[in-house]
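Q: I am attaching a structure below and will ask some questions about it afterwards.
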Amino acid sequence: MSLTTLGLELPSDPRWVDIAGMNIGDILIDHAYCEQKAASSCISLIVQYPEKARLVEVLTPVVAEEWGHFQRVLKELRKRNIPLGRQRKDEYVNQLQTILRKPSDRHEQLMEKLLLNALIEARSAERFKLLSEHLNDEGLKKFYRELMISEAGHYRNFIELAEEYLPKEVVRRRWKELLEAEAGIMRNLEVRSDRFH
């Protein structure tokens, strides 16, 4: 799986995976909260758009899958006798939120939310790939390979749902804009030892 497959324009800073490997407890804690927020985000979309039958159909199993990932990360923490700890500020997601439009049209609002989720899933899949290739822990390498495949599928789910409810050319134009903005955020984001993103 490559950046092209995921649509991303800029790879993660290569220093990140080395730092992550040396601070795997902090990364696992932050990752657990990322999975919890992913499940919550899908639930929120279902609650806000219950009339969108396809959205409800596609995202309901994603909620279960993300929550399952949360439970699996907790298991990895327990294996290492690491408590979950408190949620950390997600600077990456906070900065992504600032590039979203706030349209009055309900369908355009949905597109913004779906594409935000697609971006986060694509970046997560890229980072899972890095961890699956570079960690020394064979069990965690396998774990992150499995999650990489799952998150890449979720990324496609969100793009396809956006194209279900808005014209493809509108979605693709906006997706390109968001990818460029995300690359700018990644370029300037501090490489942290305690953050998954």
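Q: Of His197, His107, how do they rank once you tally other Cβ atoms within 10 Å and put the fewest first?
A: Values: His197 21, His107 13.
Ranked by crowding around the Cβ, least crowded first: His107, His197.
Q: If you don't mind, there's one more thing I want to ask. What does the helix-only formula give at 222 nm for the chain: each DSSP H stretch with n ≥ 4 adding -39500 (n - 2.57), the total divided by the residues, and the result rounded to the nearest 500 deg cm²/dmol?
A: Calculated from helices alone, the mean residue ellipticity at 222 nm is -26000 deg cm²/dmol.
Q: Using unit Cβ charges (K, R positive; D, E negative) and no other charged atoms, how large, in debye to the nearest 20, is the dipole of the stretch 14-188 about its Cα centre?
A: 280
Q: Right, here's the next one. Sort the stretch 13-123 into rounded, prolate or oblate with this rule: let a ≥ b ≥ c be the square roots of the eigenvalues of the Cα gyration tensor; rounded if a/c is under 1.5, and if a/c is not under 1.5, prolate when a/b is larger than b/c, oblate otherwise. Working shown, then result.
A: Values: a/c = 2.76, a/b = 1.61, b/c = 1.71.
The shape class here is oblate.
Q: Once the Cα atoms of helix 138-165 and of the chain are each reduced to a long axis, what angle between those two axes, in degrees from 0 to 90 to the nearest 10, is obtained?
A: 10
Q: Using only Cα atoms, tell me the angle between helix 106-134 and the longest principal axis of the chain; keep it within 0 to 90° and round to the nearest 10.
A: 20
Q: In nm, what is the difference between 0.36 nm times the number of residues separating Glu9 and Arg80 and their Cα-Cα distance?
A: Gain on stretching Glu9 to Arg80: 22.1 nm.
Q: Just going by the charge dipole of the stretch 1-131, with Lys and Arg at +1 and Asp and Glu at -1 on Cβ, which of Val47, Ala122, Gly7 is farthest out on the positive end?
A: Val47
Q: Which three extents, in angstrom, do the Cα atoms of the chain have along their principal axes, listed largest first?
A: 47, 32, 29
Q: If one takes the longest principal axis of the Cα atoms in the chain, at what angle in degrees, from 0 to 90 and to the nearest 10, does the Cα axis of helix 53-79 lie?
A: Helix 53-79 sits roughly 10 degrees off the main axis of the chain.
Q: OK, next. Figure the gain on full extension for Arg88 and Ser104 (residue separation times 0.36 nm, minus the Cα-Cα span) and round it to one decimal in nm.
A: Stretched out fully, the Arg88 to Ser104 stretch lengthens by 2.6 nm.
Q: Still on this structure, I have one more. Beyond a 21 Å Cα-Cα separation, which of these cross-linked pairs lie in this structure: Lys75/Lys142; Lys37/Lys89; Lys75/Lys113; Lys102/Lys176? Display every interim value, and only then the final one.
A: Working: Lys75/Lys142 14 Å; Lys37/Lys89 12 Å; Lys75/Lys113 30 Å; Lys102/Lys176 18 Å.
Those over the limit are Lys75/Lys113.
Bear in mind these aren't lab numbers, they're just calculated from the coordinates by the rules spelled out. The shown structure was predicted, so the numbers you read here are calculated from the model rather than taken from an experiment. Note that we place each Cβ from the backbone using ideal geometry, even for glycine, and neighbour counts take in every protein chain shown.
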